[in-house]
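This report refers to the structure that appears directly beneath it.
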Amino acid sequence: MNTPSVPAPQGYAIELYFDSEMEKKIFDFRDSIYHLGLDPVLGKLGDKPHVSLAVFPETNTAHLQQISAAFSKMIHPFPVQLDSIGVFPTTKNVLYLTPIPSLQLLQVHRQFHKLLEDEQIASNPYYLPDYWMPHCTIELNLSDSQLNLALSLCKQHFTPIRGMFASLGLISFRPIVYINEYPLSTQDVYD
C-alpha cells in the first residue's frame, strides 16, 4: 500500500501573530477584496496573518522551537498598526500591508536576530536587521492584471488596522504547516 508523499518544506519562518480581533479584521479585509474580484492564492493556503521575523531555507526545527519558546517569554504583547499598502514588484507580485516600524518592533526584530547569531543560525538576508522590510502579506503570485486590480481595490477599501502582536510561531511552508505557537509573555521578566 502506497502512502502519499508529503512534499519537503521549501523553508521555515518565525512569525509574529496578531491578537484575535486584529487577525479577524485582516481576514475580513482580505475576504472583502476577494468578493470584489481578486482571485485568492494565499487565502487558499490556510495562511494566518503575520509579520515574519526570520526565514530559513532549512533548519533544525527542534532548536528553533527552543529559541522561539524562550524568546516569547522575553517580550510582552505590544501595539501594532498596519497603516499602508505595499508591493514587492518581483515575479511573485506580493501585495502586503505595512506595519508602522515602531522602535519596539525594530528592537524585537534586532533582539531575535542577535539570539539567532548567538546560536549560529543563519536567516535569509532579506530578513536581517537593516535589510528587513516588515510586512503582512495579503496576497502573492498575482498576475499583473490581478495586482493592478488588488491595488485599486485596496486604495478604495483599506483603512488602517490597529491591534497587538500577541504570539510568536514557527512554521514550515509550502504547504504551510504550523509547528508551534507561543504566547508573548504577560509576566514581568523580572518577577
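The values are calculated or read from the model by the stated rules, or taken from the named source; none is laboratory data. Please read all numbers here as calculations on a predicted model, not as lab measurements. Virtual Cβ from ideal backbone geometry, glycine too; neighbours counted across all protein chains shown.
For the condition surrounded by fewer than 14 Cβ atoms within 10 Å (Cβ to Cβ) and either outside any strand (DSSP E or B) or modelled with pLDDT of 95 or more (or both), Gln156 qualifies. In this entry, Val108 is excluded by the filter for residues that are in a strand (DSSP E or B) and either of a type in the set (S, T, N, Q) or under 15 Å from the mean Cα position of the chain (by Cα) (or both). In the set Ile14, Ile33, only one residue is within 30 Å of Ala122 (Cβ to Cβ), surrounded by 20 or more Cβ atoms within 10 Å (Cβ to Cβ), in contact (Cβ under 8 Å) with a residue 60 or more places away in the chain and not basic (Lys, Arg); that residue is Ile14.
Would you say Pro79 is part of a loop (DSSP other than H, G, I, E, B), touching a residue at least 60 places away in the same chain (Cβ under 8 Å) and either within 30 Å of Leu38 (Cα to Cα) or of a type outside the set (D, E, K, R) (or both)? In short, no.
Among the residues of region 159-191, the one identified as of a type in the set (Phe, Trp, Tyr), farther than 19 Å from Asp19 by Cα and touching a residue at least 12 places away in the same chain (Cβ under 8 Å) is Phe173.
A quick yes/no check of all residues on (1) over 25 Å from Ser145 (Cβ atoms); (2) touching a Cys at 6+ places or on another chain (Cβ under 7 Å); (3) loosely packed, with under 14 Cβ neighbours inside 10 Å:
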| site | (1), (2), (3) |
| --- | --- |
| Val51 | yes, yes, no |
| Val55 | yes, no, no |
| Val80 | yes, no, no |
| Tyr96 | no, yes, no |
| Glu117 | yes, no, yes |
| Tyr127 | yes, no, no |
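Within region 65-101, the residues that satisfy the criterion of being under 22 Å from Pro183 (Cβ atoms) and within 16 Å of the chain's Cα centre (by Cα) are Ser68, Ser72, Pro77, Phe78, Pro79, Val80, Gln81, Leu82, Pro99.
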